[in-house]
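Trainee: Below is the structure I would like to discuss, written out as structure tokens.
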Amino acid sequence: HFKRVNDGLGHDAGDALLVAVAERLRGVLRGFDTATRFGGDEFVLVCEDLRDEAEAREIATRVAEALAPPFLIAGRQITVGASIGVVLASGMGADPQTILRNADATMYRAKDGGRGRFEIYNQALRLNALELLDLEAALRQGIERGEFEVPYQPQVSILTGKLMGFEALARWHHPQRGLLAPAEFIPVAE
């Protein structure tokens, strides 16, 4: 949330926060690791010569824990958190752009679970991201093609038997997957 600091306290305070975050990162990374600001409030950490995934998890945990305590900036306590996407690039044979894209997608997955956590990239995560992208595109097409219906279900009092109201239920008649329940598409639509 660096933008909030810039907007509320000014760019000098935002710069001071960036410096303080960098200092904390330096304190938990190994001497030969690299930390760089990628843009806005995103950083890229390049940790070479990792023994295994457990070491990557250990570093990610240290980073999250180091950034959790508040910073004192311009006389105010500022709390930041870290949503961390970890990509183990060894054996991937991927170019830097692909590694960064995968790390970014994994970071957003971590954000979805709540701040101050990390996720490790895997092929299932990539497939899930592609599936969500396809579902979002299909949603837009489905709206244009009139594939949605909204049936109304009466709500009746068990005690009196009287009609109390109606509940609107969204249903999607997907051309390939058939009738989809709201839980399958509403989160994407939102």
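Trainee: Do we find a residue being more than 23 Å from A16 (Cβ to Cβ) and open to solvent by 50 Å² or more (accessible area, probe 1.4 Å) anywhere in region 73-83?
Mentor: No, there is no match, as no residue in region 73-83 is more than 23 Å from A16 (Cβ to Cβ) and open to solvent by 50 Å² or more (accessible area, probe 1.4 Å).
Trainee: What number of residues within region 149-186 are closer than 29 Å to E131 by Cα, among the basic types (K, R) and open to solvent by 90 Å² or more (accessible area, probe 1.4 Å)?
Mentor: Selection size over region 149-186: 1.
Trainee: If you check L132 against the conditions, is it in contact with a helix residue (DSSP H, G or I) (Cβ under 8 Å, 6 or more places away or on another chain), open to solvent by 50 Å² or more (accessible area, probe 1.4 Å) and closer than 23 Å to P187 by Cβ?
Mentor: Here the answer is yes, as L132 does meet what is asked.
Trainee: Inside region 13-37, can you point out the residues that are free of Cβ contacts under 8 Å to residues at least 24 places away in the same chain and open to solvent by 60 Å² or more (accessible area, probe 1.4 Å)?
Mentor: Answer for region 13-37, where residues must be free of Cβ contacts under 8 Å to residues at least 24 places away in the same chain and open to solvent by 60 Å² or more (accessible area, probe 1.4 Å): D15, V19, E23, R26, G31, F32, T34, T36, R37.
Trainee: Starting from residues that are of a type in the set (S, T, N, Q) and within 31 Å of the chain's Cα centre (by Cα), keep the ones in region 127-183 and report whichever is farthest from A105 (Cα to Cα).
Mentor: Q176
Trainee: Could you pull out the residue among G75, G81 that is under 30 Å from G8 (Cβ atoms) and within 16 Å of the chain's Cα centre (by Cα)?
Mentor: After ruling out the rest, the residue left standing is G81.
Trainee: Restricting to region 84-113, give me the number of residues that are open to solvent by 50 Å² or more (accessible area, probe 1.4 Å) and under 27 Å from A13 (Cβ atoms).
Mentor: The number of residues fulfilling the criteria is 3.
Trainee: Of the residues A54, A60, only one is modelled with pLDDT of 90 or more and open to solvent by 40 Å² or more (accessible area, probe 1.4 Å); which?
Mentor: Exactly one of A54, A60 is modelled with pLDDT of 90 or more and open to solvent by 40 Å² or more (accessible area, probe 1.4 Å), namely A54.
Trainee: Under the condition of being of a type outside the set (A, V, I, L, M, F, W, C) and within 11 Å of A189 (Cβ to Cβ), which residue from region 135-148 is surrounded by the most Cβ atoms within 10 Å (Cβ to Cβ)?
Mentor: G142
The values are calculated or read from the model by the stated rules, or taken from the named source; none is laboratory data. Remember, predicted model here, so these are calculated numbers, not experimental data. Ideal geometry is used to build each Cβ from the backbone, glycine not excepted, and the neighbour counts take in all protein chains shown. Ligands, DNA and RNA are stripped out before the accessible areas are found, and what is left, the full protein with its side chains, is counted by its heavy atoms. Shrake-Rupley method; radii C 1.70, N 1.55, O 1.52, S 1.80 Å.
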